[in-house]
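Note sheet for the following structure.
The values are calculated or read from the model by the stated rules, or taken from the named source; none is laboratory data. Predicted model only: the values in this text are computed from it and were never measured. Here the Cβ is made from the backbone with ideal geometry for all residues, glycine too, and neighbour counts use every protein chain on show.
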Amino acid sequence: MKTFYTADHHLHHSGMEVSFGSIVETFEKPERAEIVLSRIKEVGLGPVLDPQRYEREPIERVHTADYLDFLENVFAEWRAAGRDGEVWPYSWRHRSMPPIDSPPSGLDARLSYYSFDMAGSITETTWQAARRAADTALAGADAVLAGDRAAFSLCRPPGHHAGRDFFGGYCYLNNAAIAAQRLRDRGHDRVAIFDIDYHHGNGTQEIFYDRADVLLASLHGDPDFEFPFHLGYARERGAGPGEGYNLNYPLPAGTGWAEWRDAFEDAHARIRDFQPSALVVSLGVDTFKDDPISQFMLEGGHFLLIGARIAAFDVPTLFVMEGGYAVEALGVNAVNVLQGFER
Ligand code: SP5
Ligand code: ZN
């Protein structure tokens, strides 16, 4: 299968994050995409192609124009305010505070409004990198639309935590959602998103929550103990016409292959019942046993089995890279899914 990749991902690199009270090098670092690319070349998966540049229009099908303007301009605004370093939000609306539905005017208040955590910062070139990640997803979607059985969008920064108008969890633009919407807009009536990243795809859920044309099934660490904490429970089944089209499988810390596979197979059957004409896989491999920020116990060989089961849907499939932070194993694990699919 084709891989879409651009070295422009290097334009995003938040230097640090806070982990259990310590300032550490961010887990979401540029080496991640490079090791996956190396593995793709090593196994000869297929051609590696630079994505074309897309207009904002396909991105605005998912994200609000005011949020996109904010992402594009906030770094300059930060500098104009006389501030050094990178753009970081630092305070959020507590449940004791009334909700609002339009952005405040002050810089820090607006940063708070458009985010839900400080997993990653906005650097001078984060907007450009996020745009190119969205291009990478769109190019993969277009390959599938042109008739490819499958494609891999090696996106970085990742996307599934980003909602219609917010960033968080290392994510700025929701690459998988943008690709799924592209598939909808260019002729696929029913698109399923299978999110197998360790974390709940809260952004993807928010974007498609009231829709019956895009099914989301997500396996993840139970939000009762795991990031992003406040979304991803099994009781969240969709709203209005989307009722029944959002499927969450929260799983306990320490989940191993047998338990993960049981949930995966249940989701698999539900996706099959939906009869999608195309599939987007939010491909995180932070379910790996040695992942430094995660608590599932999958092993390298399991990713081959996952790929083979995804192939059994027998529908055009786009894989979109999400998380995975055990950098040494990340290339093998991610590409195992793709090789398992192709066998
Ligand atoms: C796309 C994706 O996988 N985003 C994940 C964002 C997780 N952010 C929270 C990271 C918390 C790290 N602190 C735990 C360190 C354990 N040693
Ligand atoms: Zn993740």
| query | touching a helix residue (DSSP H, G or I) at 6+ places or on another chain (Cβ under 9 Å), within 23 Å of Ala119 (Cα to Cα) and surrounded by fewer than 20 Cβ atoms within 10 Å (Cβ to Cβ), is that true of Ala81? | reply | yes
| message | Go through (1) within 16 Å of ligand 1 (Cβ to nearest atom); (2) surrounded by 23 or more Cβ atoms within 10 Å (Cβ to Cβ) for Asp117 and report which single condition fails. | response | (2)
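So if I check each of Thr136, Thr125, which one is of a type in the set (S, T, N, Q), buried (at least 24 other Cβ atoms within 10 Å of the Cβ) and more than 16 Å from ligand 2 (Cβ to nearest atom)? Let's see the steps before the verdict.
Values: Thr125 fails: buried (at least 24 other Cβ atoms within 10 Å of the Cβ).
It is Thr136.
Which members of region 198-224 meet the condition of being assigned to a loop (DSSP other than H, G, I, E, B) and touching a residue at least 60 places away in the same chain (Cβ under 8 Å)? Steps first, answer last, please.
Step one: list which residues in region 198-224 are assigned to a loop (DSSP other than H, G, I, E, B), which gives 198-201, 209-213, 222-224.
Within region 198-224, Tyr198, His199, Gly201 meet the criteria.
Being touching a helix residue (DSSP H, G or I) at 6+ places or on another chain (Cβ under 9 Å), under 30 Å from Gly147 (Cβ atoms), surrounded by fewer than 19 Cβ atoms within 10 Å (Cβ to Cβ) and hydrophobic (A, V, I, L, M, F, W, C) narrows it down to one of Ala212, Ala217, so name that one. Can you show your working first?
Details: Ala217 fails: surrounded by fewer than 19 Cβ atoms within 10 Å (Cβ to Cβ).
Answer to the check: Ala212.
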| message | Could you check region 290-324 and list, in sequence order, the residues that are farther than 17 Å from Leu215 by Cβ and either at pLDDT below 95 or within 14 Å of ligand 1 (Cβ to nearest atom) (or both)? | response | Asp290, Asp291, Pro292, Ile293, Ser294, Gln295, Phe296, Met321, Glu322, Gly323, Gly324
| field | Matching residues in region 226-242 - criterion: being assigned to a loop (DSSP other than H, G, I, E, B) and under 17 Å from Phe194 (Cα atoms) | value | Leu231, Gly232, Tyr233, Ala234, Glu236, Arg237, Gly238
| region 157-187, subset more than 10 Å from ligand 1 (Cβ to nearest atom) and part of a loop (DSSP other than H, G, I, E, B), residue surrounded by the fewest Cβ atoms within 10 Å (Cβ to Cβ) | Gly187
| query | Can you pull out the residues in region 139-171 that are touching a Gly at 6+ places or on another chain (Cβ under 8 Å), more than 16 Å from ligand 2 (Cβ to nearest atom) and of a type in the set (A, V, I, L, M)? | reply | Leu145, Ala151
| request: Tell me, yes or no, whether region 325-341 has at least one residue that is over 18 Å from Phe4 (Cα atoms), in contact with a strand residue (DSSP E or B) (Cβ under 8 Å, 6 or more places away or on another chain) and within 12 Å of ligand 1 (Cβ to nearest atom). | output: yes
| query | Among the residues of region 231-241, is there at least one that is within 16 Å of ligand 1 (Cβ to nearest atom), free of Cβ contacts under 8 Å to residues at least 60 places away in the same chain, crowded, with 16+ Cβ neighbours inside 10 Å and not charged (D, E, K, R)? | reply | yes
